[in-house]
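Before any comments, here is the structure.
The values are calculated or read from the model by the stated rules, or taken from the named source; none is laboratory data. Keep in mind that what you see is a predicted model, and the values were worked out from it rather than measured. Every residue, glycine as well, gets a Cβ built from its backbone with ideal geometry; the counts of neighbours run over all protein chains shown.
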Amino acid sequence: MTYPLGIAKAELDTPALCLDLDVMEANITAVVGTCRRHGVGWRPHAKGHKVAAIARAELTAGALGVTCAKLAEAEVMAAGGVRDILIANLIVGPQKLRRLAELARRADPIVCIDHLDQARPLSRAMAEAGLRVRVIIEVDIGLARVGVAPGEPALALARELKSLPGLQLVGIMGYEGHLLTVPECEGKADKIAQALETLAATRRELEAADIACPIVSCAGTGSYLHSVRQPGITEIQAGGAIFMDAYYRHKCQVPELDFALTVVATVVSRPAPQRAIIDAGRKTMHGDFQSPQVVGRDDVRIVRLSAEHGELELDPSAQNLKIGDRLELVPGYADLTTVLHDQFYCFRGGRLIDIWPIEARGKLT
Ligand SMILES: Cc1ncc(COP(=O)(O)O)c(C=O)c1O
């Protein structure tokens with residue numbers, strides 16, 4: 001939908017995904033400040049926002065590049081003027097290798113490798129195109145998703161990569177994604193430190209073998225406040241931090257940063273005194289990891305999301321909520337909410353100032 005600029009949220013049709021740019025920029029400034037205080041770089045993940053203008057704002061604020069989950073996201077970022085792009089994924093297949101060569105002509109991507117069977121075709125494709133692409137070894141630091149084992153297996157892979165034309169080994173990365181929701185009182189900080197120490201130790205092994213390892217990359221929003229403290233880490237990838245959400249706040253226990261991303265919804269039914277239904281269900285906002293949170297009201301709770309209906313449980317103080325009333329909600333998980341929408345309605349000081357298409361939405365290849 002298009003609207004005249006200057007309108008208030010109350011004038012939007014619902015449901016609508018709203019982004020408070022002042023809050024987002026304050027979050028960006030806060031993350032940059034945290035990184036600077038600890039002497040690490042910031043390479044924010046763009047998988048959650050998928051908008052080149054946001055990536056440019058992050059770079060202007062001090063980010064050293066961006067991270068993408070998919071080659072197609074990286075293509076969108078490159079088209080928007082971003083050059084330094086870590087594709088934190090494995091690139092496999094001739095179609096993608098052709099596209100990567102094209103991308104490497106316009107930008108300066110880094111590609112993950114955890115096996116020679118990705119590296120050899122990549123090397124051939126780059127050498128044939130007369131190009132050299134940066135590669136980073138993905139190390140499994142406990143997530144058990146992808147990645148070569150730390151230590152000797154990573155070193156053996158590094159030695160092989162050094163001998164392949166068309167590739168420039170620039171470092172290692174790991175993601176401590178299995179530790180985001182460990183309660184602080186159950187040793188989250190120590191567990192993250194131990195996982196990241198395997199990454200730092202791997203770097204030391206590479207350097208002892210005369211293999212330069214300038215980049216040691218890790219961390220997400222749910223861990224970055226601990227990860228920035230770990231010796232040997234050079235950069236973090238926390239991306240969703242710019243939006244914050246109920247999952248990061250409550251399940252990952254991130255105490256800082258404000259909620260920049262909200263969904264505005266309308267009460268469409270009041271079937272019972274304690275129950276209201278809004279026009280925003282799971283096709284509007286993600287709530288599997290953590291329920292969305294109603295802004296400014298602790299007497300109204302989301303208890304169930306079906307495809308297009310959100311069920312609210314009302315305390316006695318909220319039972320005057322009526323059909324047609326509006327509520328603003330913080331998504332459970334921002335990352336899997338933005339992909340449900342075509343655009344961000346961008347606000348400053350409560351007024352619509354822009355509408356940004358979510359450019360890399362659906363860019364899955
Ligand atoms: C490789 C990688 N790095 C970092 C992250 C963290 O991203 P965010 O900070 O947006 O939660 C993820 C999340 O899935 C990831 O897969």
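Observations, loosely collected:
- Residues of segment 251-289 that turn out to be within 24 Å of residue 317 (Cα to Cα) and of a type outside the set (Gly, Ala, Ser), as a count: 14
- Any hit, segment 226-243, residues being among the acidic types (Asp, Glu) and modelled with pLDDT under 95: no
- Scan of segment 97-126 for residues that are within 22 Å of residue 358 (Cβ to Cβ) and crowded, with 16+ Cβ neighbours inside 10 Å, ordered by number: 99, 103, 107, 109
- Within segment 127-222, strands (runs of 3 or more DSSP E) holding 1 or more residues that are in the same structural domain as residue 88 (by TED's automatic domain parsing) and surrounded by fewer than 17 Cβ atoms within 10 Å (Cβ to Cβ): 167-173
- Restricting segment 85-102 to residues that are within 21 Å of the chain's Cα centre (by Cα) and either more than 22 Å from residue 175 (Cβ to Cβ) or of a type outside the set (S, T, N, Q) (or both), the residue that is nearest to the ligand (Cβ to nearest atom): 88
- Segment 227-239 - residue that is near the ligand (Cβ under 9 Å from one of its atoms) and part of a loop (DSSP other than H, G, I, E, B) and, of those, surrounded by the fewest Cβ atoms within 10 Å (Cβ to Cβ): 237
- Considering segment 12-55, the residues that are acidic (Asp, Glu) and assigned to a helix (DSSP H, G or I) include one that is farthest from the ligand (Cβ to nearest atom), namely 22.
- Within segment 78-96, the set of residues being surrounded by fewer than 21 Cβ atoms within 10 Å (Cβ to Cβ) and either aliphatic (A, V, I, L, M) or under 23 Å from residue 59 (Cβ atoms) (or both) comprises 79, 80, 81, 83, 84, 89, 90, 92.
- Long-range neighbours under 8 Å by Cβ, at least six apart or interchain, first residue within 12 Å of residue 113 (Cβ to Cβ) within segment 148-175, second assigned to a strand (DSSP E or B) and hydroxyl-bearing (Ser, Thr, Tyr): 171/217; 172/217; 173/217
- Candidates 298, 315, 279, 354 - the one that is under 21 Å from residue 21 (Cα atoms) and either among the acidic types (Asp, Glu) or in the same structural domain as residue 239 (by TED's automatic domain parsing) (or both): 354
- Long-range neighbours under 8 Å by Cβ, at least six apart or interchain, first residue polar (S, T, N, Q) within segment 67-81, second away from the ligand (no atom under 11 Å from the Cβ): 67/85
- Within segment 212-237, the residues that satisfy the criterion of being of a type in the set (A, V, I, L, M, F, W, C) and touching a strand residue (DSSP E or B) at 6+ places or on another chain (Cβ under 7 Å) are 213, 215, 216, 218, 219, 228, 233, 236.
- In the condition set (1) within 18 Å of residue 179 (Cα to Cα); (2) crowded, with 24+ Cβ neighbours inside 10 Å, residue 242 is compliant with all but (1).
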